[in-house]
Amino acid sequence: MNVLGIETSCDETAAAVVVEGRDVLSSVVSSQLDIHKDYGGIVPELAARAQLTAILPIVRQALAEASIGFREIDAFAVTYGPGLAGSLLVGVNVAKTLAYVRDLPLVPVNHLEAHLYANWLAGAAGEVDFPMVVLLVSGGHSELILMEGHGRYRHLGRTLDDAAGEAFDKAARLLGLGYPGGPLIQQAAEDGDVARFTLPRAWLEGSWDFSFSGLKTALLREVEPWRLPQEPVEMDPQFPFTPHRPPTFQDGFPVADLAAAFQEAVVDVLATKTIAVARETGARHIAVAGGVAANAALRERVSMTVESIAVGERPKVTVPDFTFCTDNAAMVAGAGYFLLRRGEQAGWELDVSSRAALTRREMS
Ligand code: KG4
Ligand code: ZN
């Protein structure tokens with residue numbers, strides 16, 4: 001079965017063709033980085049407008065790169081939430097139209113479930129052994145989920161404040177590194193001395209939740225003495241958005257060491273809690289997913305920490321291919337295939353849900 005996936009939940013416009021939830025024939029992602037970088041974050045109105053102009057050429061490109069005709073598609077899968085309402089509307093309406101024209105199934109995909117199913121793409125997970133613990137870490141979410149089977153989820157923990165990716169993004173802004181923060185912090189940390197600064201970890205003993213706001217404040221405290229005063233920003237009355245001006249620092253600002261200490265603090269908590277919860281639940285498989293799963297230190301740490309578990313009881317660890325960690329439509333098409341197999345399909349009344357949770361099936 002060939003599924004065409006569409007993803008427009010935030011600032012990426014993506015379309016992909018995936019066969020049987022695993023084989024990726026094409027995956028096209030158009031990023032709006034250039035549009036938002038001057039603001040230090042995503043401006044929702046600009047994101048929605050850019051989705052509108054990008055979507056049809058991206059769908060066409062996905063079909064062309066898959067060397068497949070529109071008539072060879074068997075179903076359309078689209079992210080309906082969570083995300084930015086204006087951006088989501090674009091994808092949902094295009095998918096609805098395509099499915100209507102071809103009289104084919106329209107599959108509504110939750111963005112979090114899509115991230116999770118990125119682990120099936122390109123055979124990354126191989127044979128999956130349930131129950132599986134999923135660490136889902138992106139710009140909007142940090143969740144520990146127990147997946148007991150396809151579509152059977154139990155929530156174990158979530159962030160009480162910032163998501164892990166959001167923490168990376170905010171830290172990068174404090175360090176004057178730019179946006180998106182994750183890859184820039186990872187890059188800066190490569191030259192850093194991880195032991196020079198010790199930043200706090202919120203272990204939240206007795207729960208599987210996360211918290212990153214204290215870490216962000218601690219980083220701010222280290223950065224503050226190095227910051228140079230900023231000139232006031234002059235607003236253009238014709239343009240309603242405040243331009244972002246990166247901070248400037250005194251010579252010798254230890255940006256690499258601070259980036260390394262920050263990354264270490266986040267990775268330490270994520271990896272330690274994931275392995276601990278896998279132990280407690282007797283999980284046979286650990287999967288990491290979401291944009292932060294692209295972080296090399298996190299990937300390495302989860303694989304390393306799992307070695308502390310005795311060989312016979314050690315869960316298998318999988319992480320999607322780098323390109324399928326951050327937002328893409330292959331993961332939407334992949335999840336769409338598994339949803340359709342379970343009979344999940346939307347009617348033409350499908351609407352976006354900017355705060356959709358992974359609650360449809362057994363999530364507490
Ligand atoms: O999954 P994603 O593309 O979008 C959301 O659903 O939010 O995740 C984006 C997030 C951003 O916060 C970005 O900084 C983070 O993933 N990210 C990373 C890395 N690459 C992307 N964080 C840490 N290390 C990376 N290499
Ligand atoms: Zn995402």
Kirkwood hydrodynamic radius over Cα pairs of the stretch 169-293, then Stokes diffusion coefficient at 25 °C and 0.890 mPa s, in µm²/s: 148
Distance between modelled label sites at residue 342 and residue 220, nm, 7 Å Cα→Cβ extension: 4.0
Long-range lysine pairs (8 or more apart or interchain), the chain, Cα under 28 Å: 6
FRET E, pair residue 35, residue 230, Förster distance 22 Å, beta-carbon r, rounded to 0.05: 0.40
Chain lengthening between residue 204 and residue 150 when straightened (0.36 nm per residue, less Cα-Cα): 16.5 nm
Nonlocal amide H pairs with residue 159, under 5 Å, H built at 1.01 Å: 142, 210
Debye intensity ratio I(q)/I(0), log10, the stretch 1-91, q values 0.17, 0.22, 0.24, 0.26 Å⁻¹ (C-alpha model): -0.68, -1.00, -1.11, -1.23
Summed side-chain charge close to residue 284 - residues other than residue 284 whose Cβ falls under 12 Å, Lys, Arg +1, Asp, Glu -1: -1
For the chain, calculated [θ]222 nm from helices alone, where every DSSP H run of n ≥ 4 adds -39500 (n - 2.57): -11500 deg cm²/dmol
Ellipsoid equivalent to the stretch 41-102 - semi-axes via the Cα gyration tensor, in Å: 23, 13, 9
For the stretch 285-358: Kirkwood Rh in Å [reciprocal of mean 1/r, alpha carbons]: 15.0
Using a Förster distance of 35 Å, the FRET efficiency for residue 56-residue 322 (Cβ separation, nearest 0.05): 0.80
Residues 166, 349, 45, sorted so that the one with the fewest Cβ neighbours within 10 Å comes first: 349, 45, 166
Kirkwood Rh, Cα atoms: Rg over Rh of the stretch 74-173: 1.03
Rg/Rh ratio calculated on Cα atoms of the stretch 1-157 (Kirkwood radius): 0.97
The stretch 233-364 - Rg over Rh from alpha carbon coordinates, Kirkwood radius: 1.10
Radius 10 Å from Cβ of residue 261, net charge of other residues (Lys, Arg +1; Asp, Glu -1): -3
Among 159, 184, 199 the positive-end extreme of the charge dipole of the stretch 137-222 (Cβ point charges): 159
Order of 239, 324 under a 10 Å beta carbon neighbour criterion, fewest first: 239, 324
Gain on full stretching of the segment that runs from residue 85 to residue 239 - 0.36 nm per residue minus C-alpha separation: 53.2 nm
Relative contact order, percent, the chain [alpha-carbon distance under 8 Å, six or more residues apart]: 27
Two-decimal log10 I(q)/I(0) for the chain, as the Debye equation yields it once each C-alpha is a single scatterer, q = 0.07, 0.08, 0.11, 0.14 Å⁻¹: -0.31, -0.41, -0.76, -1.16
Packing-based exposure ordering (other Cβ within 10 Å, fewest first) of 236, 327: 236, 327
Stokes-Einstein diffusion coefficient of the stretch 182-252, Kirkwood radius over Cα pairs, 20 °C, 1.002 mPa s, in µm²/s: 135
Separation between Cα centres of the stretch 282-309 and the stretch 210-233, rounded to whole Å: 29
Segment residue 191-residue 101, extension gain: residue separation times 0.36 nm, minus the distance between their alpha carbons: 27.0 nm
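Taken together, the values in this text are just the output of simple stated rules run on the coordinates, not laboratory data. The shown structure was predicted, so the numbers you read here are calculated from the model rather than taken from an experiment. Don't worry about glycine lacking a Cβ; one is built from the backbone with ideal geometry, like all the others, and counts go over all protein chains shown.
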